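Taking it in order: structure first as structure tokens, then the write-up.
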Amino acid sequence: YNKHIIDMVVSAKVSKTQGRLGTPFIWGATNSWGGIRTRNFQTNQFENCDAIEPEAIDEHVTGYASCFGCQVHCRAKYIIPSGEYAGVYDEGPEYTVQGALTAETGCADLVALLSGSHLLNTYGIDCLEAGSMIAWAMELYEAGILTNKDTGGLELRFGNAEALNEMIHRIARREGLGDILAEGPLRAAKKIGKNSIKYLIHVKGMSNLHSDERATPALALNVAVASRGSDHLRGRPAIDLYGLPEPVLRRIYSQPVPYDG
């Protein structure tokens, strides 16, 4: 226990911002410089997304909680404002859920985001895999590889918030197309066939984080060599995401950054 270190952490500007808006506070900066995978990586910037910005989410937050032993308290507690789950309490959504259920699927819908986050928490489904698989299926549908027969009549197009949450249900219950998507990226691609793997974003069978790794070479290297697939938790050089000035980076790294040239 070191109170001096704790005081440094909680007094930092980033900690204050994260404690007020949660992990989605990263969204604005990342999206502004083109670092958000959008519509299954067709583009890398999500347009017209004011409705799901962290400030918009914060309007429905009742407070923030901390993980054990952490003073930053960035885990939001929220109430779903309208729709089928109006009045339901849950926690989140984290930055990864925000990207997976909005930009990846083209859904700039706050209620769909909060409801989808709630459904994933309720079912115990990984948000990144679910959002990525649904986004992939949406592109397959728009490319004509999947049809209404495959989707059970569901219009699985980018931006369809109703289809997004319905597919979360179907994956959890293993119904129809959801039964295939529940198998995960590589097995699902094998079952669907028709060169569907061409549209799949993965590393070693694990869906990628919704950040565009091309903008941060260190992060790209991390996910490329991670032993279990596209893992951004064990070796993620998150500092690359913030666009810090070169003098600051050199003070942190103590030497030239390898890919400066």
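Of all the criteria given as (1) at pLDDT below 95; (2) assigned to a helix (DSSP H, G or I), the one not satisfied by Lys190 is (1).
Checking the conditions here, which among Ala135, Ala172 is within 19 Å of the chain's Cα centre (by Cα), crowded, with 22+ Cβ neighbours inside 10 Å and small (Gly, Ala, Ser)?
Working: Ala172 fails: crowded, with 22+ Cβ neighbours inside 10 Å.
Answer to the check: Ala135.
In this structure, is Val111 without any contact (Cβ under 8 Å) to a residue 60 or more places away in the chain, surrounded by fewer than 17 Cβ atoms within 10 Å (Cβ to Cβ), farther than 19 Å from Gln18 by Cβ and out of contact with any Phe, Trp or Tyr (no Cβ under 6 Å at 6 or more places or on another chain)?
Values: without any contact (Cβ under 8 Å) to a residue 60 or more places away in the chain: yes; surrounded by fewer than 17 Cβ atoms within 10 Å (Cβ to Cβ): no; farther than 19 Å from Gln18 by Cβ: yes; out of contact with any Phe, Trp or Tyr (no Cβ under 6 Å at 6 or more places or on another chain): yes.
Taking the combined requirement at face value, the residue does not satisfy it.
Show me the strands (runs of 3 or more DSSP E) entirely contained within region 1-104 in which 3 or more residues are touching a Leu at 6+ places or on another chain (Cβ under 9 Å). Spell out the reasoning first.
Details: elements: 61-65, 75-79, 89-91.
Fully inside region 1-104 and qualifying: 75-79.
The residues in region 244-261 that are surrounded by 11 or more Cβ atoms within 10 Å (Cβ to Cβ), closer than 18 Å to Arg214 by Cα and at pLDDT below 70 can be counted, and the count is 2. The residue that is surrounded by the fewest Cβ atoms within 10 Å (Cβ to Cβ), counting only those in region 205-243 that are closer than 20 Å to Phe41 by Cα, small (Gly, Ala, Ser) and in contact with a strand residue (DSSP E or B) (Cβ under 8 Å, 6 or more places away or on another chain), is Ala224. Among residues of region 93-107 that are among the aliphatic types (A, V, I, L, M), those with a Cβ under 6 angstrom from a residue that is assigned to a helix (DSSP H, G or I), sequence gap 6+ or separate chain, pair up as Val97/Ser117; Val97/Cys127; Ala100/Cys127; Ala100/Leu128; Ala100/Gly131; Leu101/Leu113; Leu101/Gly116; Leu101/Gly131.
May I ask you to verify whether Leu233 is assigned to a loop (DSSP other than H, G, I, E, B) and either touching a residue at least 60 places away in the same chain (Cβ under 8 Å) or aromatic (Phe, Trp, Tyr) (or both)? It would help to see each step written out before you state the result.
Numbers: assigned to a loop (DSSP other than H, G, I, E, B): yes; either touching a residue at least 60 places away in the same chain (Cβ under 8 Å) or aromatic (Phe, Trp, Tyr) (or both): no.
It is false that Leu233 is assigned to a loop (DSSP other than H, G, I, E, B) and either touching a residue at least 60 places away in the same chain (Cβ under 8 Å) or aromatic (Phe, Trp, Tyr) (or both).
Out of the residues in region 120-169 that are within 22 Å of Pro93 (Cα to Cα) and assigned to a loop (DSSP other than H, G, I, E, B), which is modelled with the lowest pLDDT? The qualifying residue modelled with the lowest pLDDT is Asp126. Do the conditions hold for Lys198, that is, is it of a type in the set (D, E, K, R) and on the phi > 0 side of the Ramachandran plot? Criteria not met by Lys198. Only one of the listed residues (Gly83, Gly87) is surrounded by fewer than 16 Cβ atoms within 10 Å (Cβ to Cβ), more than 17 Å from the chain's Cα centre (by Cα) and modelled with pLDDT of 90 or more. That residue is Gly87.
The values are calculated or read from the model by the stated rules, or taken from the named source; none is laboratory data. Note that this is a predicted model, so its numbers are computed, not measured. Cβ atoms come from the backbone with ideal geometry, glycine included; neighbour counts cover every protein chain shown.
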